[in-house]
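What follows is a single structure, written as structure tokens, with notes after it.
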Amino acid sequence: MPMSRLWRTWFLEERPSVSLSLFRIALAGAVGLHVFPTLFQMRDNYLAGSFREFNPSFFPIPVLQWAAGNSDAFVWAMAGVFAAGWLFFLIGFMTRWSGLLMAAGCYYFYARNCLHIGTLSYDILLVTLVLALVTGYPGDSFSVDSALRMDPEPWRRRRPFFIQRLLQLQVAETYFEAGLGKCTAGGNWLSDNPYYYLMNNPPTGVMKHFPLRETLAGMPHLCRALGIMLLAFELTIPLWLFWRRTRPAAIVLAILFQTMLLVTMHVPTIFFFLFPPQTLLFVDPEIVVGLIERRRARNGARPRDRLLFDGGCSFCGGSVRALAALDPTARVALVDFRDQDLKGIDPRLTRDACMRRIQFVERDGRLTEGFDAFRRLSVKLPLLWPLAPMLYIPGMRLLGVPVYDFIARHRFEIGG
């Protein structure tokens with residue numbers, strides 16, 4: 001294959017970006033699971049008088065000095081910056097900029113105290129975030145950004161594949177480097193038996209007390225064989241991941257390998273939260289699109305919940321197009337009430353009611369309208385679940401109903 005064609009196939013070819021959007025959600029989850037628990041104990045971890053440690057091998061000394069000298073008010077402000085950036089990155093709102101805010105918060109609190117969130121491997125996170133944020137691709141699907149663009153099928157959006165390819169290469173390089181270190185550094189896994197040593201000494205340390213540890217501690221030959229197998233796995237898994245024929249099995253083995261590490265060893269837990277989703281980036285995005293399309297076809301062939309809107313209103317039409325972007329599997333049928341026999345849908349429906357508010361008819365016969373219909377949608381559609389707790393706060397209906405009704409009355413002016 002000519003080099004130019006190989007380069008285009010590997011990096012410049014345009015393919016659906018849906019996998020990167022799924023990875024954005026996993027990345028936000030990994031970061032949140034590490035940082036938020038430390039923010040629940042601000043006084044012990046980050047505020048004045050807390051016990052702190054610093055990592056001068058990662059940060060320049062002036063950066064550490066600046067972070068250590070910040071006031072408690074500034075630390076609280078940075079906690080707010082991180083929380084807002086994290087939430088917006090998770091839901092895909094202004095994805096690139098919110099991701100940068102999230103990253104800034106991560107590194108600020110790591111500089112402030114590296115003791116409590118040392119399980120977050122920040123060198124890996126840095127590379128991953130840079131690759132994820134260099135373009136806006138992770139915000140293409142399953143995001144507020146796609147809803148604001150009113151993109152009805154964002155999972156089909158085609159982008160240059162190079163960002164996903166670079167993330168794949170990051171995973172492959174991490175595995176290969178780990179294996180290379182086992183056969184070039186001290187404690188060579190080819191000539192020595194480090195796995196046997198880990199099973200025996202020290203009693204607490206790298207290895208956890210898992211059920212088979214005592215058995216393996218008395219079987220040096222088995223430990224040596226397992227160690228060589230692990231070494232061979234880390235050195236060769238990049239090949240199996242990139243080769244199409246072996247890729248499905250390699251993805252499964254890589255996820256099992258990360259699970260084994262979490263169960264048997266004290267390793268940074270970001271390996272488990274980040275590496276399996278990153279390994280899934282080896283799944284061809286066309287396969288993900290195919291799964292979505294098949295699920296849409298199945299939902300379309302059976303009775304669904306129906307949302308009735310005013311097709312003669314441009315504001316309403318834009319709103320339902322935004323909603324369609326947040327319903328990739330077409331769980332809800334969007335129906336223009338002007339073209340329907342309303343009594344055939346539900347005897348309780350009237351044209352006047354549909355003109356005043358959206359009507360949501362569920363399969364079990366439940367009928368809601370206006371703000372209440374939107375609350376029900378937040379429960380029905382997974383991508384709206386982050387909104388559901390806020391919409392169901394006691395008393396929220398007292399505010400939500402008049403606000404919705406005001407917008408509904410002026411929707412023609414709003415929509416032009």
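The values are calculated or read from the model by the stated rules, or taken from the named source; none is laboratory data. In this text the structure is predicted, and so the values were computed from the model without any measurement. Virtual Cβ from ideal backbone geometry, glycine too; neighbours counted across all protein chains shown.
Only one of (1) more than 30 Å from TRP10 (Cα to Cα); (2) under 24 Å from the mean Cα position of the chain (by Cα) fails for ARG298. Which number is that?
All conditions are met except number (2).
Helices (runs of 4 or more DSSP H) wholly in the stretch 343-416 with at least 3 residues that are under 20 Å from ARG321 (Cα atoms) - which ones?
351-356, 370-380, 396-409, 411-415
I'm told GLU293 meets every condition in (1) within 25 Å of GLN164 (Cβ to Cβ); (2) in contact (Cβ under 8 Å) with a residue 24 or more places away in the chain; (3) surrounded by 15 or more Cβ atoms within 10 Å (Cβ to Cβ) except one. Can you identify the failing condition by its number?
Condition (2) is where GLU293 drops out.
Quick one: which residue in ASP364, ASP339 is farther than 22 Å from GLY400 by Cβ and at pLDDT below 85?
ASP339
Let's see how each residue does on (1) under 18 Å from the mean Cα position of the chain (by Cα); (2) not in a helix (DSSP H, G or I):
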residue	(1), (2)
VAL288	yes, no
ARG302	no, yes
SER319	no, no
PRO328	yes, yes
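Looking at ARG351, ARG357, which one is loosely packed, with under 15 Cβ neighbours inside 10 Å and in contact (Cβ under 8 Å) with a residue 12 or more places away in the chain?
Result of the check over ARG351, ARG357: ARG351.
What are the pairs with Cβ atoms under 6 angstrom where one residue, in the stretch 62-73, is assigned by TED's automatic domain parsing to the domain that holds PHE51 and the other, located anywhere, is surrounded by 12 or more Cβ atoms within 10 Å (Cβ to Cβ) and aromatic (Phe, Trp, Tyr)? Sequence gap at least six, or different chains.
LEU64/PHE54
Name the helices (runs of 4 or more DSSP H) wholly within the stretch 98-187 that hold at least 2 residues that are over 15 Å from the mean Cα position of the chain (by Cα) and at pLDDT 75 or above?
By residue number, 144-148, 162-184.
Applying the selection to the stretch 304-317, what residues are of a type outside the set (Asp, Glu), in contact with a Lys or Arg (Cβ under 9 Å, 6 or more places away or on another chain) and not in a helix (DSSP H, G or I)?
Result: ARG304, ARG306, GLY311, GLY312, CYS313.
Taking LEU101, is it without any contact (Cβ under 8 Å) to a residue 24 or more places away in the chain and either hydrophobic (A, V, I, L, M, F, W, C) or outside the structural domain of LEU133 (by TED's automatic domain parsing) (or both)?
yes
Would you please list the contacts, defined by Cβ atoms under 8 Å and residues six or more apart or on different chains, that run from a residue in the stretch 31-51 that is of a type in the set (Gly, Ala, Ser) to a residue that is assigned to a loop (DSSP other than H, G, I, E, B) and at pLDDT below 90?
Taking only residues 6 or more apart or on different chains, the pairs are SER50/ASN113.
Among (1) closer than 30 Å to ILE163 by Cα; (2) part of a helix (DSSP H, G or I); (3) free of Cβ contacts under 8 Å to residues at least 12 places away in the same chain, where does ALA225 come up short?
Unmet for ALA225, out of (1) closer than 30 Å to ILE163 by Cα; (2) part of a helix (DSSP H, G or I); (3) free of Cβ contacts under 8 Å to residues at least 12 places away in the same chain: (1).
Take the residues in the stretch 59-97 that are among the polar types (S, T, N, Q) and surrounded by 14 or more Cβ atoms within 10 Å (Cβ to Cβ); name whichever of them is modelled with the highest pLDDT.
ASN70
When the residues of the stretch 23-41 are narrowed to those that are surrounded by 12 or more Cβ atoms within 10 Å (Cβ to Cβ) and out of contact with any helix residue (DSSP H, G or I) (no Cβ under 7 Å at 6 or more places or on another chain), which ends up farthest from SER146 (Cα to Cα)?
The residue in question is GLN41.
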